[in-house]
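A short write-up of the structure that comes next.
The values are calculated or read from the model by the stated rules, or taken from the named source; none is laboratory data. Small disclaimer: the values here were computed from a predicted structure and weren't measured. We place every Cβ from the backbone using ideal geometry, glycine too, and count neighbours over all the protein chains shown.
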Amino acid sequence: MKKKAVTLLICMLMFATILAGCSGETKGSSEKSEDGVVKLRMMGYNPESTRATYLKYLDEQLPNVDIEFEFVALDNFNNVLNSQLQAGEGPDIIEVGGETKLLAKANYLLDLTSKEFTSKYTDSGLKPYSVDDKVYATPLQSWFEGIFYNKAIFKENNIEVPKTWDEFIAISKELSDKGIKPQIMGAQSWEPMMKQSIGLVNNEFYADEESKNFDEAFNEGEAKLAEEWLPAVKEWSRVIEEGILTEEMLGLSYDQALDQFATGKAAMWESGPWAVETIMEKNPDIELGMFPIPGKEEGDGWLIGGPGSALAINAKSEHIDEAVKVLEITATEEAQEALVKDNAGSSFLEGMAVDLGEIYEDSEGAFKAGNVYAPWTAVWTSGNPIVEAYGKSLQEVLAGVKTVEEALKDADDVNENLRNTLK
Amino acid sequence: MYNKQRERVFMLMILPAFIGFMILFIAPTAMSFFYSLTNWSVYNSTLEFVGLENFKLLFQDKKTVAAITNTIKYALLITIFQNVIAILLAVFLNKKTAGMNFVKSLVFLPAVLSILVVGFLFQYIMTSADYGLLNNIIQFFGGEPVNWLGNPKIALYSVLATQVWQWAGWSMVIYIANLKSIDSSLYEAADIDGAGPIRKFFSVTLPLLYPAVSFNILMSLIGGMKVFDVIFAMTKGGPGYATETIMTTMIREGFNSGRNAYASALAVVFFIAVFILSRIVITFLNRWERKIS
């Protein structure tokens, strides 16, 4: 009998341990530590190295706040964030991107509209993070993507930076006639074709005043990509018809394409400032330039991009006052400069100009004209899944199984599906 | 009486593990059955019943149906190739000659590597970039380069080949263990009857390999149905939807798009598919067992 009692006790103990393991950590993190320092959790999908100067600056400005930066790679970010938010244990400050509107609609984010610092940002910076005229996050520096080119190859072949899309096609053909690969692309990922084609959509469609309301109507399911975007994307698809983008590129990853461009095996490659460091590491002698994607008519051209990401505050955070302080400091020129230092991009703070350097000289016109846009992060409610479907279908276009129109229809379908799901 | 009491105590001993199993496996499974009938999404605050709507959407979506067929194709092919190759390897390498252990460990070695490592490695071997090793070899012998991972017609088979390479050695070890237990007198008897090596393989070796065959077939079938990491490392489901599987679709729809209910419905379909497929295989294996015993 005694034995039995002991066994029973052990069992109960084990059971209790399991339960304790389940509920152990719900408290504790909210309490202030003894010296009055508040711990703030900031979760981001850009690595700490791209925020180092900024975090240091925050540290100096806020001695009584200890910011714990938590990096979660973008592949997993929404996954991790969503499950934490659903469990009511999300970080205090969240780096948000395309999914802001969805998170805001589900009441996870604090409304920042009435905060004073919000008005310091330009409207184009706040627009992606607003729902029904309420602002839920404030933008960090912009991201942008254009076409990198190897200045040495251009000079050797007497080629000028193209001002129109026809010129772009023409110089590409000229280069390939001379046995030089004009453009390399890591088309194994669905992103680059999607972005480049939207570059042309920016030129031909969004530059037009009449298209201003398209994105809102698209969100409501009243406008279709397959109708409005088709001419522009068809124009872009000439790079496939003319053999500038080839099927082999579907077997190339982003890194492999970068490698080919950096080592001078291709004259052009589309990407953004984040790639510069790696290119320089692989080939310190490369003469690098970037030009915006040109349109059919001569103009400044367009870059693909927008607010890179933004900071939002968890509505259920227990340190809202401190988190607001952080955002307030972020809205100063000093903090913006600290941000740009580790991650090139322009600032959305009203009246602030950032010098980006030599590489981006050819894009200056586009920057000045404000020609930087990416509809799926700027206005679309479920941007990421839609462009993923579109990009994947473009891969099938390159493989010769689908037409451009079908690719756009696929994206429309996903929009429709998600609208129904989120009703 | 004493025994019964003791049993009860033993039952109590497994209770913690059982509760863990309930909480971590049975409950989530039951919940995904439940959620598959609702409109659940992270971005949706109201939960409503929608009946079989998600299942209807699922079978209307060509991409999802393609993912399901890809998965079944992959699972069946890997089961066949992996086991045929493993049995052949096992029979040929089950000898006591010098260096044989070394050859065996060479064949087994890939199974030690992480699937992700193998995936990224083969991405470089099979790339269509100029330095792609496989294409360089083909070109050296005068062939045309093949777009292994970028051609939608080939990509799935390229991925499959790496997995057969990685896991055939693993299955082989199980087959070898089984081969060792076959009584050598049976082979002597076959020799006396004048059976050749092929006859001996089909009449003696293969029937007696039954336990290992049934275990290996089930393992590779279920493993094949669950394939995710190698696809993730090598093609990310591309080009287009050519290598999407049930798992990659589930993650794309459930986590990236936030269509949790839809992903739950897919999980239910997956559960049923695995259940039916493994039932069929088990029935088939049982019939085989009855035939030989």
Check B:SER128 against each of (1) under 22 Å from the mean Cα position of the chain (by Cα); (2) over 17 Å from B:THR245 (Cβ atoms); (3) within 14 Å of chain A (Cβ to nearest Cβ) and name the one condition it does not meet. (1)
Filter segment B:138-155 for residues that are surrounded by 12 or more Cβ atoms within 10 Å (Cβ to Cβ) and farther than 23 Å from A:TRP190 by Cβ; which is nearest to the other protein chains (Cβ to nearest Cβ)? B:PRO145
Quick count over segment A:221-239, residues being touching a residue at least 60 places away in the same chain (Cβ under 8 Å) and in a loop (DSSP other than H, G, I, E, B), is 4
Restricting attention to segment A:198-217, does a residue exist that is within 14 Å of chain B (Cβ to nearest Cβ), in a helix (DSSP H, G or I) and crowded, with 20+ Cβ neighbours inside 10 Å? no
When every residue in segment A:108-134 that is of a type in the set (Lys, Arg) and more than 19 Å from the chain's Cα centre (by Cα) is compared, the one surrounded by the fewest Cβ atoms within 10 Å (Cβ to Cβ) is A:LYS134
Residue set B:ILE292, B:ILE198; condition surrounded by fewer than 20 Cβ atoms within 10 Å (Cβ to Cβ) and either modelled with pLDDT under 85 or within 14 Å of chain A (Cβ to nearest Cβ) (or both); output residue B:ILE292
Among the candidates A:ALA338, A:ALA399, residue that is of a type outside the set (D, E, K, R), surrounded by fewer than 24 Cβ atoms within 10 Å (Cβ to Cβ), over 18 Å from the mean Cα position of the chain (by Cα) and closer than 20 Å to A:SER189 by Cα: A:ALA399
Sort out which residues of segment A:267-288 are surrounded by fewer than 21 Cβ atoms within 10 Å (Cβ to Cβ), modelled with pLDDT of 90 or more and not in a helix (DSSP H, G or I), and write them in order of number. A:ASN283, A:PRO284, A:ASP285, A:ILE286, A:GLU287, A:LEU288
Just one listed residue, out of A:ALA152, A:ALA137, is among the small types (Gly, Ala, Ser), surrounded by fewer than 21 Cβ atoms within 10 Å (Cβ to Cβ) and either over 23 Å from A:LEU303 (Cβ atoms) or modelled with pLDDT of 90 or more (or both), and it is A:ALA152
So which residues in segment B:8-30 are β-branched (Val, Ile, Thr), facing another protein chain (nearest Cβ under 9 Å) and over 29 Å from B:ALA265 (Cβ atoms), if there are any at all? B:VAL9
Looking across segment A:136-146 at residues that are within 17 Å of the chain's Cα centre (by Cα) and not small (Gly, Ala, Ser), the single one that is nearest to A:LYS173 (Cα to Cα) is A:GLU145
Restricting attention to segment A:123-163, the residues that are within 27 Å of A:LYS316 (Cα to Cα) and assigned to a loop (DSSP other than H, G, I, E, B) number exactly 5
Just for helices (runs of 4 or more DSSP H) wholly inside segment B:1-99: which have at least 2 residues that are farther than 29 Å from B:VAL274 by Cα? B:2-21, B:62-93
In segment B:209-235, which residue that is crowded, with 18+ Cβ neighbours inside 10 Å and among the polar types (S, T, N, Q) is nearest to B:PHE271 (Cα to Cα)? B:SER220
